[in-house]
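Asks: My questions will all concern the structure given below.
The values are calculated or read from the model by the stated rules, or taken from the named source; none is laboratory data. Only a predicted model underlies this, so the values are computations on that prediction, with no experimental measurement involved. Cβ sites come from the backbone with ideal geometry, for glycine too, and all protein chains shown count toward neighbours.
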């Protein structure tokens, strides 16, 4: 049976949430991000895009291009809450869905045609999302993730597009090559240097040649250009998580040592998340006392993968959880409610130095090992008797 895959994408998500809170922003150019000249653009409205503004652009340049825009610092906690509202509506209806990022979902509705009609069912779900959240959202419907995602981009703003199996090549061929997921700026330049500007031309190039130019991802990109993508929709669960635990050989009440160990665990698994391009929306701390009583406490947070944010949440949960002052046998930290998203920089901050620091540390870890760079807070102090 051929697959039927839907891709939902919230239109200019951060801007749409701000307009929901403040309707006076409608039809105005809106730019969200760090509000100082050293910040960057996290999101911008279609009105601002007409001036050449785009995500990840330095805020100073955005102000030169569109000085009349409304500039907003942004509120990730607010956006995370609305992201979960959309997920809740989808979860109530979809048989199988994957939350790919804070504003994107994939649905596998294979077989739905036998009962409702895939397009009709998806259209009605989109209307429910709009009704329950007030947010504009677009979808693409096809036989795989790649074609559906590209179709969503063509359907925007606030639209719907179905690409039938017989229409795939006709739909893809005239589109520019940078519409293909995985083809970034470097790949686009390399392909254009070969005279390849649209997907139809790329489809006709021998795959071996594409691999020579783009490396190991070349074959995957060539297949995507041919409308081939067997990647499955991965079932989404709030319980999907990454965690770390430590059991002490001797039970302890040494708070300093316990927090140092917790800091090391947070740092380790936060690095793993960034490596996998994931963000967490929930932190859980676990302690097990010497009598084996086990207690957990969790907190939903704005999606992030930054150590300094996660450390504060984990330590706060530990302080609230450890109130019996008994000997502790085990401590653990779990990050759950994971979504895709490469948080290369915190775009709502006024300075990018913190993001640059994370990128530098992660590069060192990837090259020399996870232990190559450590926070002082995560290093356990060796007690020396004099």
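Asks: For the range 7-121, which fully contained helices (runs of 4 or more DSSP H) count at least 2 residues that are at pLDDT below 90 and farther than 25 Å from residue 147 by Cα? Talk me through it step by step, then tell me what you get.
Replies: On the way: elements: 13-21, 46-49, 59-65, 76-93.
In the range 7-121, 76-93 are the helices (runs of 4 or more DSSP H) which contain 2 or more residues that are at pLDDT below 90 and farther than 25 Å from residue 147 by Cα.
Residues checked against (1) out of contact with any helix residue (DSSP H, G or I) (no Cβ under 7 Å at 6 or more places or on another chain); (2) free of Cβ contacts under 8 Å to residues at least 12 places away in the same chain:
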{"site": "53", "(1), (2)": "no, no"}
{"site": "56", "(1), (2)": "yes, no"}
{"site": "64", "(1), (2)": "yes, yes"}
{"site": "67", "(1), (2)": "yes, yes"}
{"site": "70", "(1), (2)": "no, no"}
{"site": "75", "(1), (2)": "yes, no"}
{"site": "85", "(1), (2)": "no, no"}
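Asks: Out of all the residues in the range 136-157, is one or more in a loop (DSSP other than H, G, I, E, B), over 24 Å from residue 224 (Cβ atoms) and at pLDDT 95 or above?
Replies: Yes, the conditions are met somewhere in the range 136-157.
Asks: Here's a follow-up. Tell me which of these residue 129 doesn't satisfy, since it passes every other one: (1) in contact with a helix residue (DSSP H, G or I) (Cβ under 7 Å, 6 or more places away or on another chain); (2) under 20 Å from residue 225 (Cβ atoms); (3) in contact (Cβ under 8 Å) with a residue 60 or more places away in the chain; (4) assigned to a helix (DSSP H, G or I).
Replies: For residue 129, the exception is condition (2).
Asks: Could you tell me whether any residue of the range 254-265 is within 29 Å of residue 100 (Cβ to Cβ) and free of Cβ contacts under 8 Å to residues at least 60 places away in the same chain?
Replies: Restricting attention to the range 254-265, the residues satisfying the condition of being within 29 Å of residue 100 (Cβ to Cβ) are 265.
In the following step, the residues that additionally are free of Cβ contacts under 8 Å to residues at least 60 places away in the same chain were identified as none.
The answer is no; no qualifying residue exists.
Asks: Identify all residues within the range 226-253 that are farther than 20 Å from residue 99 by Cα and surrounded by 15 or more Cβ atoms within 10 Å (Cβ to Cβ); write none if there are none.
Replies: 226, 227, 244, 248, 251, 252
Asks: Now for a different question. Do we find that residue 267 is closer than 29 Å to residue 363 by Cα, under 21 Å from the mean Cα position of the chain (by Cα) and at pLDDT 90 or above in this structure? Before you say what the answer is, go through the steps one by one.
Replies: On the way: closer than 29 Å to residue 363 by Cα: yes; under 21 Å from the mean Cα position of the chain (by Cα): yes; at pLDDT 90 or above: yes.
In short, yes.
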